[in-house]
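K.L.:
Once you've had a glance at the structure underneath, I'll fire off some questions.
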Amino acid sequence: MCKVLNVSDDLIVQGLKTFRSVPGRMERVSNRGGFEVIIDFAHTPNAVEKALQTMRKISKGKVYVVFGAASERDTGKRPLMGKIAAKLADYVILTNEDPRWEDPNKILTDIAKGVVMGGGTLNKTFWMIEDRAQAIKFAISKAKAKDLVLILGKGHEKSMSIQGKELEWNDKDAVLKALK
C-alpha cells in the first residue's frame with residue numbers, strides 16, 4: 001500500500017521500527033531459550049493451516065502447536081484441524097479452549113481423531129493435556145534452540161468459559177509464567 005502511495009523506503013522503514021503488532025495476532029513472546037513463542041487467535045481449519053504454513057517457513061527447528069476447539073461450535077471442524085496440525089507441525093499438544101458445558105475430553109478426542117488420520121501418535125508426536133496452562137508449559141519445556149512454539153485459539157482473549165463460568169485467562173500470561 002505504501003508503495004502505491006509513493007511513500008519512500010526510508011519512511012516505510014522508520015514506520016516499521018515503531019510498529020506494534022496487534023495483541024494475540026502472530027504475537028511474539030521474547031524469551032532466553034533460543035526458541036520462538038508465537039500466540040495467535042487462529043481457531044478455524046483455514047486459519048490453523050495458514051498459521052502453521054507460515055511457521056514452517058520461518059522456523060529453523062521443530063514446530064510445536066498448542067490448540068483446542070471451543071464447544072458449541074462446528075464440531076465437524078475438530079478432526080480437520082487435528083489432521084492439518086499433524087501434517088504441518090512436528091508436535092501437537094491438544095488442550096482446552098472454551099469448553100463451556102461440553103466435556104473437554106470429548107473435544108480433545110474429536111481433534112485427536114484427525115491428528116491420528118494425519119499420522120500422529122499419542123504420547124509420541126501428540127499429547128492431550130486439558131489444562132491449558134499445563135499444555136503451554138509442556139510445549140515450552142520440550143522446545144529447544146531454534147524451535148518454534150505456536151499457541152493457537154485464544155489470542156488476545158482475557159477469559160475462558162468452563163462449566164458456565166468465565167475464568168480469567170490470557171495466553172501471554174501463561175507463556176510468561178511457563179518461561180520462568
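K.L.:
Using only Cα atoms, find the angle between the long axis of helix 77-88 and the longest principal axis of the chain, and express it within 0 to 90 degrees, rounded to the nearest 10.
P.N.:
For helix 77-88, the angle is close to 60 degrees.
K.L.:
Of all beta bridges DSSP finds with both residues in the chain, what is the antiparallel percent, to the nearest 5? The partial results should precede the final answer.
P.N.:
Numbers: 6 of 24 bridges.
Looking only at bridges with both residues in the chain, the antiparallel portion is about 25 percent.
K.L.:
Most fluctuating residue of Ile39, Ile136, Ile12 in a GNM of the chain with Cα springs under 10 Å: which is it?
P.N.:
Looking only at Ile39, Ile136, Ile12, the largest GNM fluctuation is found for Ile12.
K.L.:
So for the range 103-180, averaging the separation of alpha carbon pairs under 8 Å that are six or more residues apart and normalising by length, what relative contact order in percent results? Please list the in-between numbers first.
P.N.:
Working: 48 pairs, mean separation 19.1, N = 78.
Across the range 103-180, relative contact order equals 24 percent.
K.L.:
Continuing with the same structure: Sum -39500 (n - 2.57) across every DSSP H segment of at least 4 residues in the chain, then divide by the residue count to get the 222 nm mean residue ellipticity, nearest 500. Mind showing how you got there, number by number?
P.N.:
On the way: 6 runs with 69 residues, N = 180.
-12000 deg cm²/dmol, from helical runs alone.
K.L.:
Then there's this: Just Val63, Val22, Val13 to compare: in a GNM of the chain, with alpha carbon springs under 10 Å, which one fluctuates most?
P.N.:
Val13
K.L.:
OK, next. Where Lys and Arg each count +1 and Asp and Glu each count -1, what net charge lies around Lys142 among other residues with Cβ under 14 Å from its Cβ?
P.N.:
Charge balance near Lys142 sits at +2.
K.L.:
Could I ask something else about it? Counting only C-alpha contacts under 8 Å and six or more residues apart, can you give the relative contact order of the range 21-179 as a whole percent? Can you show the working numbers first?
P.N.:
Details: 356 pairs, mean separation 50.9, N = 159.
RCO, the range 21-179: 32 percent.
K.L.:
What whole-number distance in Å separates the alpha-carbon centres of the range 124-180 and the range 1-33?
P.N.:
26 Å
K.L.:
Grab the other residues whose beta carbon is less than 12 angstrom from that of Leu16, score K and R as +1, D and E as -1, and report the net.
P.N.:
Details: positive: Lys17, Arg20; negative: Asp9, Asp10.
Once all neighbours under 12 Å are counted, the net charge is 0.
K.L.:
Starting from the range 42-73, pick out the trypsin sites (Lys or Arg not before Pro) whose DSSP state is loop and whose Cβ has at most 10 other Cβ atoms within 10 Å.
P.N.:
Lys60
K.L.:
Within a Cβ distance under 13 Å of Ser159, other residues only, what is the Lys/Arg minus Asp/Glu net charge? Intermediate results must be reported in sequence, preceding the final value.
P.N.:
Numbers: positive: Arg100, Arg132, Lys154, Lys158, Lys165; negative: Glu97, Asp98, Glu157, Glu166, Glu168, Asp171, Asp173.
Around Ser159, the surrounding residues sum to -2.
K.L.:
Restrict the search to the range 1-72; then list the chymotrypsin sites (Phe, Trp or Tyr not before Pro) that DSSP places in a loop and that have at most 11 other Cβ atoms within 10 Å of their Cβ. Spell out each step's value before the answer.
P.N.:
On the way: sites: Phe19, Phe35, Phe41, Tyr64, Phe67; in loops: Phe19, Phe35, Phe41.
Passing sites in the range 1-72 are Phe19.
Computed from the coordinates by the stated procedures, all read-outs in this text should not be read as laboratory data. Computed from a predicted model, the values in this text were never measured in an experiment. Note that we place each Cβ from the backbone using ideal geometry, even for glycine, and neighbour counts take in every protein chain shown.
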